[in-house]
Amino acid sequence: MVTIFRNARLLTMDPALGSLGEVPDGVVVVRDGRIDRVGPRTEVLGDSVLGGSEDVGSGDTGRDDAGSGVGGPGESESGPEHGDWEVVDCAGGWLSPGLVDCHTHLVFGGSRADEFRRRLEGESYADIARGGGGILSTVRSTREASDEELVESGALRATALARSGVTTLEIKSGYGLDVDTELRMLRAARRIGERTGLRVRTTLLGAHALPPEFAGDRSGFLRTVIDELIPLAVDEGLATGVDAFLESIAFDAEECRAVLQAGRDRGLAVRLHADQLSDGGGGALAAELGARSADHVEYTSLEGVGAMAKAGTAAVLLPGAFHYLGESRVPPVAAFRQEGVPIAVATDANPGSSPVLSMPEAMSLACIHFGLTVEEVWLGATRIAADVLGLEGEAGVLVPGARADLALWDMEGPTDLVYWRGNAPLQGLWSGGRRLRL
């Protein structure tokens, strides 16, 4: 199957083209779900009749796609003898890679809306957590939920993200905190990908909080994560990464190091919730372990920033949590820029601290709260986020060989996506070359 996207303004995110890799009159040729060619119309199509606009409509095959006028180069080219052809006229819209949400907690049971009300009335996130709320509240609801309930509710949230332009996302476990429920969460995450058509990367967050049954035995819980949970998740092929929550209300640096090393030894990519509410040395620990990212990083020290830069560890900024928790300490963005630390942006979609199901919303919040530029949030939600997930050159870019994950936007320019809050102007979304019906 060959699909030609033409009459588009491209945001390729190709570093060879500078900035956002813009191509004002571009064409993308997709073959069997992957990008075959991409570039200016005159270079990709030359003087072919496909380079014009008059063939679409007059040679219409009758198929409709995103309301954009879909046809082919003539019926003689659409039959089995010549293969299947499809042309998508982007009508001058902006065509970008599908957005990449590299940090979510989409699989869970229950709701924490009441905690949101309590925080509005003055209680802190940490106080609620210490009182048995927070993560442990969701743990109770998640353990009680059936497998199908976890898949159905998670798929609804993933579809909401897709409606905002997301084609690739990471889903963490961490609301089970026992072997059985953690594995059920990871299986549910995989099924969500199958059900929605989105690409899902799964991360084992076994060390998210201390469950009540281990309240007096921290070392016993960590032994369960290291000796039982991680091996089972790896043997079943359920996770691509391992994560831990380094914070005063969760685990300290030595505890996180043990868990992350165990996951790394089993071939999992290392991630770390780091320095969200205090400086626990998370940035430096992530760098020490060769982590793909340190996430949150509001309190990361300058020493931690330098270590991350040397190790090539990205900073994943999560402005939704900052916004909903009413925090005031912003990540050291200027230091990240100066040291060359890659900056990604994600929703941190979760029921407690970041009920955000829109990547453009997260991108906008990163601009407003953290001072990121339009270019930084676009790259942080595409190419850099894909790199965090180990998908370099595979997602987050429009380049030959990449998977054909594309988003078509009706906007005047890239700034519009983060300027207009609550209105993602998505016209069409393709995952692996297949248009998603949202």
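Remarks
- For the chain, the share of DSSP beta bridges that are antiparallel, to the nearest 5, is 45%.
- Test item: Cα-centred dipole of the range 113-204, Lys/Arg +1 and Asp/Glu -1 on Cβ, debye: 400
- For the range 116-271, the square roots a ≥ b ≥ c of the C-alpha gyration tensor eigenvalues yield an a/c of 1.5 or more together with a/b not exceeding b/c, which makes the shape oblate.
- Helical mean residue ellipticity (222 nm; -39500 (n - 2.57) per DSSP H run of 4+; nearest 500) of the chain: -9500 deg cm²/dmol
- GNM result for the chain, Cα springs below 10 Å: residue of Ser137, Ser353, Ser219 fluctuating most strongly: Ser219
- Each Cα pair under 8 Å and six or more residues apart adds its sequence gap; the mean of these over the residue count of the range 195-316 is a relative contact order of 20 percent.
- Identified option (computed P(r) over Cα pairs in 20 Å bins from 0, in percent; candidates (i) 27, 54, 18, 1; (ii) 20, 48, 27, 4, 0; (iii) 23, 58, 19, 0): (i)
- Arg140 versus Asp217: modelled label distance in nm, points set 7 Å from Cα along the beta carbon direction: 2.2
- Considering only alpha-carbon pairs that sit under 8 angstrom and 6 or more positions apart, the relative contact order computed for the chain is 17 percent.
- Relative contact order computed over the range 166-267 (Cα-Cα under 8 Å; 6+ residues apart), in percent: 28
- Pairwise FRET efficiency - Glu412 versus Gln338, Cβ, R0 = 35 Å, nearest 0.05: 0.65
- Inter-probe distance in nm under a simple model that places probes 7 Å from Cα toward Cβ, at Asp180 and Arg37: 5.7
- Surrounding net charge for Thr159, when Lys and Arg each add one and Asp and Glu each subtract one, Cβ distance under 12 Å: +3
- Between Tyr419 and Asp235, the simple label model (points 7 Å from Cα in the Cβ direction) yields a spacing of 5.6 nm.
- The residues neighbouring Gly132, those whose beta-carbon lies less than 14 Å from its own, together hold a net charge of -1 under the Lys/Arg +1, Asp/Glu -1 convention.
Computed from the coordinates by the stated procedures, all read-outs in this text should not be read as laboratory data. All values reported here derive from a predicted model rather than from experimental measurement. Ideal geometry is used to build each Cβ from the backbone, glycine not excepted, and the neighbour counts take in all protein chains shown.
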